[in-house]
Amino acid sequence: MATKNLEEAQKVVVAEIIRSGDQILIPEELTIDKAIELLKMRRDYEEQPTVVSTTFDAFPWDGAYALFNVLKKQYGWASMRAVYDWFGEHLPAMQEIEMGVKKVGNVPWGRLNLFQKDGFVDTSVEKKGNRYVFSAVATVKRKHEKAVQDLFAEVRVELIRNSIYRGKALSIRFKNDAGGALKIPTVKFVDTENCTTDKLVFSDDVFASIETSLFTPITRMADCKRCGIPVKRGILLAGDFGVGKTLAAKVAAALAVEHDETFIYCKRTDEFAEAIEFALQYGPAIVFCEDIDRVVTGERSDEMDALLNIIDGVDTKSAEVIIVLTTNAVDKINPAILRPGRLDAVIEVKRPDAKAVARLIKLYGQHFLDPEANLETASKMLENNIPAVIEEVVKRAKLAALRHTPPGSTDIMITEVDLRDSAATMKMQLDLLAGKKHDGSNGSTHSLDHAMTEMFDKFKKGIQLDLDSIKETVGAE
């Protein structure tokens with residue numbers, strides 16, 4: 001008899017309570033009294049508090065927005081409550097964040113109510129290595145445990161369907177200007193609306209190289225995979241300041257958004273590791289970092305090795321991440337970073353030749369330019385100058401066109417003479433500033449913008465420039 005009672009008690013302990021249909025079913029060997037006892041035990045168990053915690057591999061604001069959306073779908077709203085500790089009351093907040101270009105929104109941050117205030121979930125930031133993720137910790141009664149798990153599962157689906165950041169062009173700051181880590185990085189959206197390839201003007205060979213090594217992997221990623229070409233690539237754009245490296249990156253950003261890929265602009269090299277981690281969260285992605293020569297010139301250093309390790313990182317070898325770097329001083333870069341495998345392509349972004357200058361004149365002149373104007377002379381005079389110089393010449397030519405047009409007239413036309421005269425005055429100005437004796441010729445010139453570039457580079461590197469050093473740089477008397 002004792003053995004039978006023990007077996008019956010064991011059966012009671014392992015009996016599973018399942019909610020199904022509209023009947024109460026009791027195991028044949030279980031008495032009503034034992035069933036009542038078991039149900040009471042289950043009731044007490046389900047009323048006990050428990051904690052369900054998880055992290056989402058998503059940027060914190062993205063996770064908070066996804067949780068907010070799911071709660072609204074399920075309950076109509078996401079109410080919040082204060083948190084109390086030894087330091088007093090901590091009120092929750094609706095955090096304002098950027099959700100698009102010139103578009104802001106609010107997400108709840110802190111403690112949110114669940115199940116008609118029968119529980120709550122705390123949201124926070126968690127950092128795993130260099131990656132920022134969204135953390136959610138729910139405190140609920142055990143009877144709600146599965147509902148919370150289902151809630152979190154729906155949040156993961158929401159992050160895939162309606163992410164704020166995936167497939168967008170973004171500028172991210174992980175540190176302040178002094179190099180200190182931000183508690184939560186700042187994400188801003190980059191406007192790519194007017195960044196089209198027709199506004200990108202280079203010499204033919206330069207454009208072909210950029211289109212092949214940078215634009216094609218972005219616009220034809222599926223074809224690259226089909227052909228066995230790894231999506232993970234490294235590209236270095238090398239050239240003087242002002243030749244159009246950043247503009248090429250902006251066009252790449254627009255192409256990335258057009259093809260549902262994430263573009264990430266990294267302002268500082270010491271934020272590169274975090275930018276790569278963000279890219280891995282939201283890949284396929286393109287990471288753009290300027291002025292890489294700040295850390296990869298001269299002898300090997302800890303900072304340089306750290307950067308090389310990031311590029312060589314195991315996690316990025318099979319990842320869909322394209323790394324784009326720029327430099328104004330490729331000749332000073334340590335050869336360690338230039339080897340194939342680290343950088344798949346090094347593209348010299350040269351100053352425009354005469355053909356490219358003619359295209360720039362047309363770009364800047366637009367409908368004001370006389371379609372019959374012969375651009376050959378002006379283009380030859382302006383070749384080997386940065387685009388900003390050509391743009392200024394067109395502005396001067398437009399002013400000249402206005403001079404011989406009646407006030408209020410809409411019939412303004414830049415002539416060949418306007419362009420040639422404006423190019424001549426620019427050449428004279430650049431010759432004088434570069435310390436050359438102007439001879440009145442219309443030949444091409446090694447213009448001042450190169451000297452000004454050197455000054456700009458010194459300024460960026462923190463070199464103090466006094467009047468004598470400026471004169472030495474530009475060759476002034």
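None of the figures in this text is laboratory data; all of them are computed from the coordinates on show. This one's a predicted model, so the numbers in the text were calculated from it and none came from an experiment. Methodologically, a virtual Cβ is constructed for each residue, glycine included, from the backbone with ideal geometry; neighbour enumeration extends over all protein chains shown.
Please state, as a whole number in µm²/s, the translational diffusion coefficient that the Stokes-Einstein equation yields for the range 188-348 at 25 °C and 0.890 mPa s, with Rh defined as the Kirkwood radius across alpha carbon pairs.
My calculation gives 155 µm²/s for D.
Need one number: nm distance between label points at Arg161 and Ser409, each 7 Å from Cα along Cα→Cβ, rounded to one decimal.
6.2 nm
Take every Cα-Cα distance within the range 101-145, group them into 10 Å bins from 0 onward, and report for each bin the whole-number percent of pairs it holds.
Calculated over all Cα pairs of the range 101-145, the distribution is 22, 37, 30, 10, 1 percent.
Can you give the extra length, in nm with one decimal, that the chain gains between Gln74 and Arg220 once fully stretched, where that is 0.36 nm per residue apart less the Cα-Cα distance?
48.6 nm
Report the calculated FRET efficiency for Thr186 and Ala147 (r = Cβ-Cβ distance, R0 = 25 Å), to the nearest 0.05.
0.10
Greater than 19 Å separation of Cα atoms is the criterion. Which listed pairs, Lys175/Lys250; Lys250/Lys395; Lys199/Lys395; Lys128/Lys188; Lys250/Lys380; Lys73/Lys188, meet it?
Lys175/Lys250; Lys250/Lys395; Lys128/Lys188; Lys250/Lys380; Lys73/Lys188
I want to check the label-to-label distance for Val101 and Glu37. Put each point 7 Å from Cα in the C-beta direction and report it in nm to one decimal.
According to this spin-label approximation, the distance is 7.2 nm.
Could you rank the peptides 136-144, 362-370 by their average count of other C-beta atoms within 10 Å per residue, with the highest value first?
136-144, 362-370
According to a simple spin-label model (label point 7 Å from Cα along Cα-to-Cβ), what is the distance in nm between Ser20 and Glu258?
The answer from the label model is 5.5 nm.
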